[in-house]
Each structure stands twice: as structure tokens, then as C-alpha cells.
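Reviewing the structure listed below.
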Amino acid sequence: MTENAARSIDFDQIKPSSSHLHSNEYVRGWRLAAILTTLLLINALSQIDRILPFILAESIKADLGLSDTQMGLLTGLAFAVCYALLSLPLARASDRGSPRLVLVSCILLWSTMTALGGIAASFMLLALTRFGVAFGEAGAIPAGHALIARKIRPERRGLAIGLFAMGVPLGTMVGFAAGGAIGDTLGWRSAMIGTGIIGILIALLTFVVTGPTPALKRTVANSEPFMESSRRLLASPAFRALFIGGIFLGFAAAPFYAFAAPFLIRTHGFSASEVGLAFGLPQGLMGIIGALLGGRWFDRAVSSGSGKVLSPPAILFLIASLTTTAALFTPVGWVSVLLLVPGMLSFSFLMPWAFGAAHLVAGPGRQAQASSLVMIASGLLGPALGPLIVGIVSDAATTAQIPNGLGLGLLIVPISSVFTGIVLLIANQRVAALLRGQ
């Protein structure tokens, strides 16, 4: 999509034409509730499987004899590589084929690999299972968004994306709380094996609840090779700004989730169970509030016609950068957790805005692809390098006997949050100008 072609986009353009869907194919009533609930469970499961190594990091390190640098590689590189290689093809399969089948297949894969991770006996074997988890999760959000675009009316999609995104904080809350408790009582291996089994059951539920999803008819939007279509999207200044903002977001979010638990354990003496409650519970609550408020606010911002669909999350990220910096150096544990709350809120609040704005710029037939590109932006460099940088700084500080080395490494989070907020403000202006046809 060139910038000139994109200038005519407005809210009505996200409504599929008769060649895509008939209006009676949108779900209502209990079917709508069932699909949204299932999508929520899927995203929660995805997040649980992703963060289990974070909350169980100290146990895994002790059992397998790993360093912070290895943990950074384990929690970052495996996901980043698979997101980069597989997200776009899986998104394309969702746009052109059945997002239902893509989604079910992805859940089965990542759940199986999570369970296998529980029997890994070395760093290399555990890393291979994490690659498998990332393979499956690379298709979850694009396929889920494609399903939303096919099944849910346009004026409710922002809220639907927000409800889907709410699975991230819910999964984080459950993962930290239940994962920490199970890890302390039964061990980290039992936590991973049990989660994998639950995922297989959710895959079967997804197949039944979502129902058949016929492929879209071929159009220019979904028949163009996905690499060429991606190049055209990235040629748009509005989408390019979203993409850059996603890169900075990855450098803020990935280290935040990878090392928040170890930071509270080492610096403030929390146990794994205490971190599960002190960090996981507010993270879940802020995530729920952020996702729901963000989705509803995004729908209203689009309906207003102003085209300014990114300034609220941008401002929140700038605020979170200040509070997170203070959290890393306060000597009181509960104050540190409290100061991390704006950061928790900012990540979930942004998701409906970022994906919704990307869908608006991309247009019909490219929603999964647009989501995939945003995921690649936030899930490639940041998760690959962010936790690794934190681990390297922490190990170097420990060797040099510098106190709070992990806190020093985690300064990458507020620094990246500042850049995320600034780039989102730039993207806000570009998307507004595009949608207004200026």
C-alpha cells in the first residue's frame, strides 16, 4: 500500500465488502460471548506459557546451572527468531485461509512444547522447546485478529481486541501466582508439564466454539505475495512509525517481564510466591483495566473522526518511564512494586490502540498481516537483545561487586519507554493525517 493509496482510508474501510463477508456472518449473542471468552483464554494461555521461565527462573538456574546471560538468551532469542521467521507466513495463512485451523494448530504445538520443556535436562534441550513454543505463539495473535475481523462487527472490534489482549495480564497474573506457588511446592518441571496439558484441552475447546470460518474470496489485498504486501505497508510513513514504536516497545516490555521477578527476589528479598502475589496480582489488575479501557477508548477515538488514535498511550508511556526509574532504586520493596504499576498499565493499555491503528492503516484483508508486522517489531530485536543486555550488565556488575547490578541493567526499560512514547506521538500525527485524507 503506498501512502497515496492509503490516504483515503477511514473507519468505514474496516467494514468488509460483500465480496468478503455477508453481514449475517457476524456473530451475536451467546456465540459472540463464547468466541470472545475462548480468545481470552487462548491469549492468557499463551502468556502463561511464555512467562513461566521468568517466574521459575531461579529454580531453573539452580537445577540446570545457568547464568543470567543464558537466561536472557533462553527467554529472548528463542522467541525472537521464531516470531521473525514464522509470524508473517502464519498471518498470511490466516488472512487467506481459515484462522480457526491456524489458531488450533498453533495452540497444540506450543502446549506440547511447553510440556516437553518440563522434562528438559540441559540448557540446549530447554532452548529447543522454547523455540517450539515460539513457533506456535507466532500465529496466535494474527490468527485471533483475523478471526475477530471475520466474526465481529467493525464498531466493536476495538473492544474485542482489548478483550483478546486482556488475556496477557490475566495470563501474567495466573502465571506468576500459580507458577510461583507450584514451583515452590512441586517444582518448576511440574508447572510446565501441567500447563502444557491444559493447553491441549483449550485447543479442543477452540475448535468447537469458533466454528467454521470460510476463506475470503481472492482480492488484490489478499492475493499479493505477502513479502510485497509487507513492503508496501512499511512504505507508508504512518505504518512505518507504528513499526518503529513497536521496536522500542519490545526493548521496554521484554526485560520488564523477564527480570522483574528476579529483581524483586534479589534486591528486596521476596520469595517466588510473594512475587507471584505482589507483582502478579497488580499486573493482572492493571492489565485488565488497561486492555478494556484501551479498547473502549480506541473505538470512541475512531468514531470521533479526529484520527488521533495514539496520543493517550504515548502520554502514559512517558509517565511510566519516570516511575519505573524510581522503582529500580527505591530501598523499600512495596514502594518499588507500587512504582512499577504505571509500567504494567502502559503495556496492556497500548495493545488495542497499536493493533487497531495498524488494522486501519492496512485495510480489509490485511488485518492479520498488519498484526504480524507489529508483533515482529515488538517481538524481534527487543526480546532478542533486551533481556540479554540486562543479563550482561547484571553479570558484569556482580563481577565488579557493584550493588543492584540487576537494577542497573533494567534501566533499559524506562529509557525505551521514553522513546516509545515519543515515537507514538509521531505516529499519532501521521495516522491522523492519513485518516483525514490530508
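Some points to look at:
- Taking other Cβ atoms within 10 Å as a rough exposure proxy, W353, W334 sort from fewest to most as W334, W353.
- Inter-label distance, nm, simple model (7 Å from Cα along the C-beta direction), S304/A62: 5.1 nm
- Three-way shape label, region 107-184, alpha-carbon gyration tensor, a/c 1.5: oblate
- Relative contact order for the chain, counting Cα pairs under 8 Å that sit 6 or more residues apart, in percent: 29 percent
- Region 288-398: relative contact order as a whole-number percent, Cα under 8 Å and 6+ apart: 28 percent
- Taking G199, G211, G295 as the candidate residues, the one with maximal mean-square fluctuation in a Gaussian network model of the chain, Cα springs under 10 Å, is G211.
- Gaussian network model of the chain, Cα within-10 Å springs - most flexible of G405, G158, G276: G405
- Relative contact order computed over region 83-191 (Cα-Cα under 8 Å; 6+ residues apart), in percent: 29 percent
- Residue among D95, D184, D49 with the largest mean-square fluctuation in a Gaussian network model of the chain, springs linking Cα atoms under 10 Å: D184
- Spacing of the two label points (7 Å from each Cα toward its C-beta) at L411 and I198, in nm: 3.8 nm
- Calculated FRET efficiency, R231 to R28, Cβ-Cβ distance, R0 = 51 Å: about 0.85 to the nearest 0.05.
- Going by neighbour counts of Cβ atoms within 10 Å, the residues H268, H359, H145 line up, fewest first, as H268, H359, H145.
- Computed from Cα atoms, the angle from the helix 333-362 axis to the main principal axis of the chain rounds to 20 degrees.
- Remark: Y26, Y257 ranked as Y26, Y257, counting other beta-carbon atoms within 10 Å and listing the fewest first.
- Placing dummy labels 7 Å off each Cα toward the beta-carbon, the span from R296 to S190 is 4.1 nm.
- Inverse of mean 1/r across different Cα pairs in the chain, Kirkwood, Å: 21.5 Å
- Value of Rg/Rh across region 307-438 [Cα atoms, Kirkwood radius]: 1.06
Read-outs throughout are calculated quantities, based only on the coordinates presented, and are distinct from any laboratory measurement. Keep in mind the model is a prediction, meaning the values are calculated, not measured. Every residue, glycine as well, gets a Cβ built from its backbone with ideal geometry; the counts of neighbours run over all protein chains shown.
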